[in-house]
Amino acid sequence: MSNWIEVGQLEEIPQQGSRIVKTKDYDIAVFRTINDEVFAIKDACPHKQGQLSQGIVHGKKVTCPLHNWTISLESGEALGPDEGCTNVFVAKVENGLVSIELV
Amino acid sequence: MKEKLVVIGNGMAGIRAVEELLKIAPDMYDITVFGDEPYGNYNRILLSPVLAGDKTIDDIMLNTLSWYEDNNIKLHVGQRVSEINRIERTVTSEEGIVEEYDRLLIATGSTPFIIPVPGHDKEGVIAFRDIRDVDTMLDATKQYQHATIIGGGLLGLEAANGMMQHGMKVTVVHLVDTLMERQMDTVSGKMLKKSLEEKGMDFRMGAQTAEITGNGRVTGVKFADGSSIATDLVVMAVGIRPNIELAQKAGLHCERGIVVNDTLQTYDPRIYSVGECVQHRGNTYGLVAPLFEMAKVCANHLAQMGIGLYEGSVTSTKLKVTGIDLFSAGDFIGDDDSEEMVMQDASSGLYKKLVIKNNKLVGAVLYGDTKEGAWYFQLMRSGQDICDLRDKLLFGESHLGDSGHGGDHIADMSDDTEVCGCNGVCKGDIVKAITTEGLFTLDEVRAHTKASASCGSCTGLVEQILESTLGSDYETPEAKPLCKCTDMPHEEVRVAIRERKLTSINAVRRSLHWQTEDGCPACRMALNYYVQSAWHNEAQDDPQSRFINERAHANIQKDGRYSVIPRMWGGMTTPDELRAIANVAEKYEIKDVHLTGGQRIGLYGVDKEVLPKIWQDLNNAGMVSGHAYGKAMRTVKTCVGKQWCRFGTQDSTALGIKLEELTWASWMPHKFKLAVSGCPRNCAEATIKDFGVVCVDSGYELHIGGNGGIKVRATDLLCNVNTEAEVLEYCAAFIQFYREDAHYLERTAPWVERIGFSRIEEIVVKDEAKRKHYAQRFLEAQKISQVDPWRERATGGVAAHEFASIKVINN
Ligand code: SRM
Ligand SMILES: Cc1cc2nc3c(=O)[nH]c(=O)nc-3n(C[C@H](O)[C@H](O)[C@H](O)COP(=O)(O)OP(=O)(O)OC[C@H]3O[C@@H](n4cnc5c(N)ncnc54)[C@H](O)[C@@H]3O)c2cc1C
Ligand code: SF4
Ligand code: FES
């Protein structure tokens, strides 16, 4: 069952940055890349749960603020020799409005 | 259609170039590789440990056959190329395989030299170059007793040591009187010989081989003086010759090697060459570090990036014989214009010789203890002026003020010794990663093991482990690039920012051909700093290129909450301030209130959304950000000084406050701390600060370049001045020069060591015009910079999105 949630306007998320969507159980980080692509992943680094929303966004990746793991925004997987994965949510932008699909 | 790249030689240099190319232009070419050895690419260097029984062939494979498949590289193994047709642009193998090329890379390495004495072609006479030779030697150890190694150089001694490990009796024959005479002077050569003799090796020094005797298989060696020895195996290790036969046949210009220019092109611009087969600016190389540098530049040009030149290498050597520590680099003999520093302790087997020319280190030989090798090598390659280091140079970097870390003897360290305290990585983990993953560089070791990836204090140790595991120095072209997105080092980038007037990160990336679209965290933070430091009037800050602490103006904690540390000018506070802090702590239920190491009060465990509210309350009590989270001016520690203390000579507290008012809210390459002590008892610890003042009866001593922290460094005394006004001016000038010169993330201590104390003295003390110029620039920049970031966010509406979530879903 799909469950699309409107999050807000694309403009509200800085380019190369992210904003947090809070849910009852966890936070979701919604990222906007330099090319205005939007990705959503659980705001918890596979390493030690660092808040990825607070990291530096480069390409389609984010570098965690706590110990510098780099996580793919597309797959939620840690890149390079690090191993681990965090949940990914489908995100879309329509007419400047960002939505994510909760499952 | 993709262009075709053909590589001849499936060895260390050729495949390294391919790897570098795949990194920067993965889809540019259809790649075909010819290799006449029947394997994937292996780490030739580690043949010595294989021979000694410390490693297996599997351990030393760098790229297995599946790697070629995964990267769509067509590999012809066991195929020797016999012809290059430059008109038709094809290469042909001995078995008739023909491949077309648009670009060709020749990486055929070298061939061992076999002395053409009578009998050199007998069975049992071999070289030491490839897996086959090692197999032959290992077979021999099973059937025979006595091996003779001709050549007492690096390779010969490693071969001799390997054979000895298998219980063979080994004689080393050497033409001259000093072993490894290309790397050792006579003293260290003698020490080496003595240690090897103690291990059971026999030597024939000054002996010229005249004939190899035997009927079919070798049975003995005869020398020019008529004497002879019996032997079952002869290993010739007397040198290598660049393998240029194929290139010569194709009409490419060759001298000793295939002649290439600084972009590694041969005289035929479609044909590149890297590795031992190459002659560059008159030099040929027989160690991998320079070959890897060539590979990198070559890949860059193959990818048509057109940046980066290969300008030659300084090389260093280590002998991979367990229990023998030997390091040699550069010109260690010297000449009439050079001077020597020597330290020798025969009974403990230690010897160190440094050769200095024009105040630069140009050569080094270390025997017995090589842990300083990496540092000397670094000094040699950077060409740093060693004037300021002279009196300490011979004792090594660890005598420059390293406390605690380092100093361990790598060989003596057990595998379970913890090397990286931050990430809990032991020596054994690092060694294993290096050998099983085929790592060569510090960056790779960091990526795979995390060792030295955090605070970096164990970097030196990790480098040493890398060296002792691999046997040589692999790292570092002369100036390290700023990050992986560019080949340009920090200095060049900063110069370009100034000269081309680049006022944004984007402009830098475009103008300097960055290899990534929007950079990486390393260059983003550095460039954001550089453009603002050069163009403080015009450059815009890019918050997305700042680390979270500087974006949120608070320090992120392990649980995602933040800390708040308000400024307390010169370490002084008031009842009102204390009340405000107490109120805030109560109101927002802050659990921990801590007296920080910087003479102020910290509030810990604050949720991000609450930060602006706390700041507002503190602002209302007249307090501003303490920048405890930034690459910025942090604190000015003071003591009570003349006001109260019976020893105080000046009003250190008031001066501290003036310094803090002058410097607060300034961004720096790294954190920056100050202190003022009222007398030489130095209660404010001014001599481990970036800028420290020690008050004396006659005025003020100014100290620079100290820090506590990971690697303690006491300051250098910059000068004495008489008035507070001078203290402020010198301080401003020093800071501004540091801000405009240092690399991002380089604190004053390593910066002073890198550029040399004299240069700073020249600018800040001796040259009044320069001092005034820098001090003035600092004041100008401060006019723009000195606003309280907390107030801007608490009530000024700046960056509101930073402190609020975009949406809250309640179900
Ligand atoms: C808050 C404080 C500890 C405390 O509660 O007392 C502190 C806390 C941290 N220090 Fe410190 N240092 C604190 C005084 C010091 C001191 C003492 C001093 O300033 O006199 C030192 C040694 C002196 C020096 O810097 O030379 C010190 C040397 C370091 C270092 C090593 C710096 C170096 O150059 O080697 C680091 C690591 C770094 O900066 O890369 C560090 C890093 C850190 C960080 C920022 C680590 C991080 O990135 O998260 C810590 C943040 C903790 C947190 O959760 O907020 N801290 N740190 C102190 C703040 C002082 C202040 O009022 O601003
Ligand atoms: C035992 C030993 C120990 C060493 N120890 C160290 C050390 O501690 N530190 C250090 O820095 N260096 C060391 N070296 C040197 C280092 O291994 C070489 O510098 C490096 O391997 C040279 O790389 P290359 O690619 O130029 O040549 P190679 O690695 O030799 O590669 C060339 C390849 O091309 C192949 N080839 C040649 N002609 C043709 C053709 N016509 N067609 C197809 N294929 C061809 C060769 O068979 C070979 O496989 C050591 C070398 C040896 C042998
Ligand atoms: S506060 Fe400083 S010393 Fe303490 S754990 Fe953090 S970085 Fe280490
Ligand atoms: S929690 Fe993200 S890198 Fe450690």
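The values are calculated or read from the model by the stated rules, or taken from the named source; none is laboratory data. Just so it is clear, the structure is predicted and the values come from calculations on it, not from any experiment. Quick reminder, even Gly has a Cβ in these numbers, built from the backbone with ideal geometry, and neighbours come from all protein chains shown. Calculation scope for accessible area: heavy atoms of the full protein, side chains included, ligands and nucleic acids excluded. Shrake-Rupley method; radii C 1.70, N 1.55, O 1.52, S 1.80 Å.
Among all positions in the range B:633-651, there is no residue which is part of a loop (DSSP other than H, G, I, E, B) and within 11 Å of ligand 1 (Cβ to nearest atom).
Any idea which of A:Val90, A:Val57 is in contact (Cβ under 8 Å) with a residue 24 or more places away in the chain, more than 22 Å from A:Lys24 (Cα to Cα), in a strand (DSSP E or B) and more than 16 Å from ligand 1 (Cβ to nearest atom)? Walk me through how you get there before you give the answer.
Values: A:Val90 fails: more than 22 Å from A:Lys24 (Cα to Cα).
Answer to the check: A:Val57.
Sort out for me the helices (runs of 4 or more DSSP H) sitting completely within the range B:482-545 that have 2 or more residues that are within 11 Å of chain A (Cβ to nearest Cβ).
Of the helices (runs of 4 or more DSSP H) lying wholly inside the range B:482-545, those with at least 2 residues that are within 11 Å of chain A (Cβ to nearest Cβ) span B:505-511, B:521-534.
Could you run through the range A:37-54 and say how many residues are out of contact with any Cys (no Cβ under 7 Å at 6 or more places or on another chain), free of Cβ contacts under 8 Å to residues at least 40 places away in the same chain and more than 7 Å from every other protein chain (Cβ to nearest Cβ)? Show your work before the answer.
Restricting attention to the range A:37-54, the residues satisfying the condition of being out of contact with any Cys (no Cβ under 7 Å at 6 or more places or on another chain) are A:37-44, A:48-49, A:51, A:53-54.
Add one more test, that the residue is free of Cβ contacts under 8 Å to residues at least 40 places away in the same chain, and what stays is A:37, A:43, A:48-49, A:51, A:53-54.
Then keep just the ones that are more than 7 Å from every other protein chain (Cβ to nearest Cβ); that gives A:37, A:43, A:48-49, A:53.
Selection size over the range A:37-54: 5.
Kindly indicate whether B:Gly692 is of a type in the set (Gly, Ala, Ser), without any contact (Cβ under 8 Å) to a residue 24 or more places away in the chain, open to solvent by 10 Å² or more (accessible area, probe 1.4 Å) and within 12 Å of ligand 1 (Cβ to nearest atom). Taking the combined requirement at face value, the residue does not satisfy it. Can you pull out every residue in the range B:516-552 that is open to solvent by less than 10 Å² (accessible area, probe 1.4 Å) and touching a residue at least 40 places away in the same chain (Cβ under 8 Å)? Hits for the range B:516-552 are B:Cys523, B:Ala526, B:Tyr530, B:Ser545, B:Ala552.
For the range B:274-320, which residues satisfy the criterion of being under 15 Å from B:Gln183 (Cα atoms) and not small (Gly, Ala, Ser)?
B:Tyr285, B:Leu287, B:Val314, B:Thr315, B:Thr317, B:Lys318, B:Leu319, B:Lys320
For (1) closer than 27 Å to B:Arg551 by Cβ; (2) over 36 Å from the mean Cα position of the chain (by Cα); (3) in contact (Cβ under 8 Å) with a residue 60 or more places away in the chain; (4) within 14 Å of another protein chain (Cβ to nearest Cβ), each residue gets a yes or a no:
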position	(1), (2), (3), (4)
B:Asp767	no, no, no, no
B:Lys770	no, no, no, no
B:Ile784	yes, yes, yes, no
B:Arg793	yes, yes, yes, no
B:Ala799	yes, yes, yes, yes
B:Lys807	yes, yes, no, yes
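Just one of (1) touching a His at 6+ places or on another chain (Cβ under 7 Å); (2) open to solvent by 30 Å² or more (accessible area, probe 1.4 Å); (3) not in a strand (DSSP E or B) fails for B:Lys658. It is (1). Among the criteria (1) away from ligand 4 (no atom under 14 Å from the Cβ); (2) hydrophobic (A, V, I, L, M, F, W, C); (3) within 12 Å of chain B (Cβ to nearest Cβ); (4) in a strand (DSSP E or B), the one A:Ile34 does not fulfil is (4). Does at least one position in the range A:8-26 carry a residue that is under 11 Å from the mean Cα position of the chain (by Cα), free of Cβ contacts under 8 Å to residues at least 24 places away in the same chain and at the interface with chain B (Cβ under 10 Å from one of its Cβ atoms)? For the range A:8-26, residues under 11 Å from the mean Cα position of the chain (by Cα), free of Cβ contacts under 8 Å to residues at least 24 places away in the same chain and at the interface with chain B (Cβ under 10 Å from one of its Cβ atoms): absent. Filtered by the rule that a residue be open to solvent by less than 10 Å² (accessible area, probe 1.4 Å) and under 25 Å from B:Lys558 (Cβ atoms), the range A:14-42 gives A:Gly17, A:Val21, A:Ile28, A:Ala29, A:Val30, A:Phe31, A:Ala40, A:Ile41. Regarding B:Ala684, is this residue among the small types (Gly, Ala, Ser), more than 16 Å from ligand 4 (Cβ to nearest atom), assigned to a loop (DSSP other than H, G, I, E, B) and buried (at least 24 other Cβ atoms within 10 Å of the Cβ)? It is true that B:Ala684 is among the small types (Gly, Ala, Ser), more than 16 Å from ligand 4 (Cβ to nearest atom), assigned to a loop (DSSP other than H, G, I, E, B) and buried (at least 24 other Cβ atoms within 10 Å of the Cβ).
Within the range B:578-597, which residues are assigned to a loop (DSSP other than H, G, I, E, B) and either open to solvent by 100 Å² or more (accessible area, probe 1.4 Å) or not polar (S, T, N, Q) (or both)? Answer for the range B:578-597, where residues must be assigned to a loop (DSSP other than H, G, I, E, B) and either open to solvent by 100 Å² or more (accessible area, probe 1.4 Å) or not polar (S, T, N, Q) (or both): B:Tyr588, B:Glu589, B:Ile590, B:Lys591, B:Gly597. Answer yes or no: is there a residue in the range B:515-532 that is of a type in the set (Val, Ile, Thr), out of contact with any Phe, Trp or Tyr (no Cβ under 8 Å at 6 or more places or on another chain), modelled with pLDDT under 95 and on the phi < 0 side of the Ramachandran plot. Checked the range B:515-532: at least one residue is of a type in the set (Val, Ile, Thr), out of contact with any Phe, Trp or Tyr (no Cβ under 8 Å at 6 or more places or on another chain), modelled with pLDDT under 95 and on the phi < 0 side of the Ramachandran plot. Exactly one residue out of A:Leu97, A:Leu73 is open to solvent by less than 60 Å² (accessible area, probe 1.4 Å), within 13 Å of A:Glu6 (Cα to Cα) and more than 16 Å from ligand 1 (Cβ to nearest atom): that is A:Leu97. Scanning the range B:142-171 for residues that are surrounded by 21 or more Cβ atoms within 10 Å (Cβ to Cβ) and more than 24 Å from B:Gly206 (Cβ to Cβ) yields one hit, B:Gly162. Within the range A:60-75, the residues that satisfy the criterion of being more than 12 Å from ligand 4 (Cβ to nearest atom) and in a loop (DSSP other than H, G, I, E, B) are A:Lys60, A:Leu73, A:Glu74, A:Ser75.
Any chance you could count how many residues in the range B:661-674 are open to solvent by less than 10 Å² (accessible area, probe 1.4 Å) and either in contact with a Pro (Cβ under 9 Å, 6 or more places away or on another chain) or within 16 Å of B:Tyr730 (Cβ to Cβ) (or both)? Lay out the reasoning, then the answer.
Of the range B:661-674, the ones open to solvent by less than 10 Å² (accessible area, probe 1.4 Å) are B:663, B:665-666, B:668-669, B:672, B:674.
Adding the requirement that they be either in contact with a Pro (Cβ under 9 Å, 6 or more places away or on another chain) or within 16 Å of B:Tyr730 (Cβ to Cβ) (or both) leaves B:663, B:665-666, B:672, B:674.
Total meeting the criteria: 5.
Per-residue answers, yes or no, for (1) open to solvent by 60 Å² or more (accessible area, probe 1.4 Å); (2) in contact with a strand residue (DSSP E or B) (Cβ under 6 Å, 6 or more places away or on another chain):
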| site | (1), (2) |
| --- | --- |
| B:Ala25 | no, no |
| B:Asp36 | yes, no |
| B:Asn41 | no, yes |
| B:Leu47 | no, no |
| B:Gly53 | no, no |
| B:Leu65 | yes, no |
| B:Tyr68 | no, yes |
| B:Gly78 | no, no |
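When A:Asn87 is tested against the conditions (1) more than 23 Å from B:Arg446 (Cβ to Cβ); (2) within 11 Å of another protein chain (Cβ to nearest Cβ), the lone failure is (2). Listed conditions (1) out of contact with any helix residue (DSSP H, G or I) (no Cβ under 6 Å at 6 or more places or on another chain); (2) open to solvent by 20 Å² or more (accessible area, probe 1.4 Å); (3) closer than 30 Å to B:Thr56 by Cβ are all met by B:Ile87, apart from (3).
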